[in-house]
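Below: one structure, written as structure tokens.
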């Protein structure tokens with residue numbers, strides 16, 4: 001097992017200690033120690049099946065470790081978490097997933113308003129009754145991502161990049177303390193990908209103390225999304241470095257079991273590591 005950057009649970013937004021997580025008979029995660037401080041921007045990289053998405057599921061309470069300690073935003077998971085406290089924690093964890101989980105038949109504005117449901121009482125949740133101030137906040141979130149003009153359009157009429165921006169606006173509406181982004185630029189063209197990365201980074205900076213953890217496949221996006229990069233291979237941490245210290249050799253250490261042509265496409269070009277703006 002490899003050791004990541006540590007720290008005390010009191011200082012950390014995320015603290016893992018001696019964590020093993022399995023999927024069937026396979027060990028998906030095997031992490032001695034990992035600490036992520038409040039307000040950090042961290043990227044997770046690695047080959048398919050390295051444990052990246054499992055780590056995000058663990059941090060959102062949707063996966064359980066076989067053993068070890070997982071603490072998220074000061075709350076230990078899962079042994080000391082009731083169903084109610086886990087629900088409360090998830091209200092503070094914003095997720096931007098590949099599938100987006102938008103309601104296709106609803107407008108962009110209505111999808112963003114879903115981000116406020118954790119703050120509403122039961123009957124307002126069922127009726128989707130929103131206060132004027134909630135609507136104003138949702139409109140401000142859409143303005144922040146550049147989609148206010150399309151607030152009334154159903155999301156199934158939006159482009160892929162626009163839908164991803166709606167998901168980010170919904171996360172802004174949630175007022176999350178922790179943002180988990182699982183390949184947020186998958187299937188987007190380079191311009192749309194850069195816009196989404198900039199929005200995520202700005203969202204983390206704009207909300208006081210918000211921590212951003214992103215799963216990233218394209219190394220050229222790392223400087224846009226992260227100050228720190230954690231490399232996973234077969235569920236273990238291979239490296240944990242500042243983004244400006246991550247080079248081709250680091251990335252190749254994650255993909256060395258992949259076919260040569262796949263590695264070349266993924267990480268071999270020196271142009272893949274962009275200089276910070």
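Only the coordinates and a few stated rules stand behind these numbers; no lab work does. Please read all numbers here as calculations on a predicted model, not as lab measurements. Glycine gets a Cβ as well: all are built from the backbone with ideal geometry, and neighbour counts include every protein chain shown.
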Inset, instruction - Return 103, 70, 93 ranked ascending by Cβ neighbour count within 10 Å, so the fewest neighbours appear first. - result: 103, 93, 70
Legend entry - Least to most buried among 71, 88 (fewest other Cβ within 10 Å first): 88, 71
Legend entry - Computed lengthening from residue 220 to residue 62, 0.36 nm per intervening residue step minus Cα-Cα distance: 53.9 nm
Legend entry - Approximate shape of region 148-189 as ellipsoid semi-axes (Cα gyration tensor, √5λ), whole Å, largest first: 19, 16, 6
Inset, instruction - Mind checking the full-extension length gain between residue 189 and residue 48? Use 0.36 nm per residue of separation minus the Cα-Cα distance, one decimal, nm. - result: 48.7 nm
Inset, instruction - For residue 252 and residue 148, calculate 0.36 nm times their separation in residues minus their Cα-Cα distance, and state this gained length in nm to one decimal. - result: 33.2 nm
Inset, instruction - Calculate how large, on average over all directions, the projected area of the Cα convex hull of region 96-175 is; give the answer in nm² to one decimal. - result: 4.8 nm²
Inset, instruction - Give the Cα extents of region 158-253 along the principal axes, in whole Å, largest first. - result: 38, 30, 23
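Apply 1/(1 + (r/R0)^6) to the Cβ-Cβ distance of residue 25 and residue 76, taking R0 = 35 Å, and write down the FRET efficiency to the nearest 0.05.
With a Förster radius of 35 Å, E is 0.85.
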Inset, instruction - May I ask you to derive the relative contact order of region 96-175, considering only C-alpha pairs under 8 Å and at least 6 residues apart, and to give it as an integer percent? - result: 51 percent
